[in-house]
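FYI, it's all coordinate maths here, none of it is from the lab. These figures come from a predicted structure and were not determined experimentally.
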Amino acid sequence: MVMARTALTVVGILLAIWLVVSFLIPALFATLKFLLIFALIALAVVVTITLVGKSSR
């Protein structure tokens with residue numbers, strides 16, 4: 001009984017590590033990449049509006 005519990009604990013730990021490596025880390029990088037692209041687009045919009053506003057004076 002103790003051996004089965006130990007084996008299942010090891011399998012559970014391996015499954016948790018596999019889950020983190022295969023799902024959570026790529027999802028985190030995808031989210032960061034999306035936010036970076038979103039921030040760059042927002043920066044381009046702000047710069048464009050600022051330049052248009054200064055040139056129209």
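Brief remarks follow.
- Our coupling estimate for segment 45-57, obtained by passing each phi through the Karplus curve with A = 6.51, B = -1.76, C = 1.60 and θ = phi - 60°, is 5, 5, 5, 4, 5, 5, 5, 5, x, 6, 7, 7, 6 Hz, Gly and Pro reported as x.
- The overall shape of the chain, judged from the alpha-carbon gyration tensor, is prolate: a/c is not under 1.5, and a/b is greater than b/c.
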